[in-house]
Structures are given as structure tokens and as C-alpha cells.
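Report on one structure; see the data block that follows.
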Amino acid sequence: MESANYYDIYAATHSGLTAWRRCLKANGKHFYTTSANCEGTTVEGVMGYVSTSELPGSTALYRSFNGNNGDHLFTTSLSEHQGAVAGNYQDEGIAAYVW
């Protein structure tokens with residue numbers, strides 16, 4: 001998350017929301033997902049709750065991956081996401097909807 005491009009997630013579950021998990025990869029890098037098994041990596045815990053579909057007042061949280069260094073980039077800025085994809089990042093689409 002970029003410091004000027006922050007977002008909010010819910011601390012407790014609500015109707016229509018799903019867990020937002022922090023995951024640890026074998027290379028020591030972290031990433032976040034709604035996947036219950038952290039996409040086959042180690043689940044470190046639930047950070048809060050997000051939506052997997054657009055809800056009133058929510059915004060898309062884009063996810064991209066840099067295969068060169070194993071880092072993920074999460075941003076609510078479509079232009080920042082597109083810029084990363086134009087560089088060294090692979091587009092992984094919308095990870096969730098946040099506020």
C-alpha cells in the first residue's frame with residue numbers, strides 16, 4: 001500500500017464481506033488475499049474484512065505481481081496499477097473492494 005493511496009477495510013465481519021488474509025510465501029514475502037488457504041502459502045491471519053464484489057461506497061483494490069523480486073503491489077489507483085503493469089509487474093486484477 002502506498003502512503004498517499006490508503007484504503008480502509010472492516011475490522012469485523014458484516015453481511016457480504018469476506019476475510020482479508022495476510023499470507024507468507026516461502027521467500028519470506030507477504031501478500032494479501034481472500035483465499036482461505038492463502039493460495040497455497042502460509043496463512044498468517046485475518047487482517048480484516050473486504051468485499052469480493054462492488055458495494056456502495058467501495059472502490060477496487062488492484063493487485064499486481066513483480067516476478068523479478070517476488071513483491072506484490074496493491075493500489076486503489078487504476079493509473080498506478082496500469083503503470084506498474086507497463087513496467088515489471090503482472091496484472092492480477094482486482095483483489096477485493098475496499099473503502
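Return one whole number: the accessible area per residue of the chain in Å², for a 1.4 Å probe. Before the final figure, lay out each step's value.
Numbers: 5520 Å² over 99 residues.
Accessible area per residue, the chain: 56 Å².
With θ set to phi - 60°, apply the Karplus curve 6.51 cos²θ - 1.76 cosθ + 1.60 along the stretch 44-52 and write out the HN-Hα couplings as whole Hz, x wherever there is a Gly or Pro.
3J(HN,Hα) across the stretch 44-52, in whole Hz: 8, x, 8, 8, x, 9, 10, 10, 9.
Leaving ligands, DNA and RNA out of it, work out the accessible area of Phe65 with a 1.4 Å probe and give it in Å² to the nearest 10.
50
So I have (i) 28, 16, 10; (ii) 20, 15, 14; (iii) 21, 18, 10, and one of them is semi-axes √(5λ) of the Cα gyration tensor in Å calculated from this model. Which one is it?
Given (i) 28, 16, 10; (ii) 20, 15, 14; (iii) 21, 18, 10, the calculated one carries the label (iii).
The values are calculated or read from the model by the stated rules, or taken from the named source; none is laboratory data. What you are looking at is a predicted structure, and each value in this text was computed from that prediction instead of being measured. Only protein heavy atoms, including side chains, enter the accessible area calculation; ligands, DNA and RNA are left aside. Shrake-Rupley method; radii C 1.70, N 1.55, O 1.52, S 1.80 Å.
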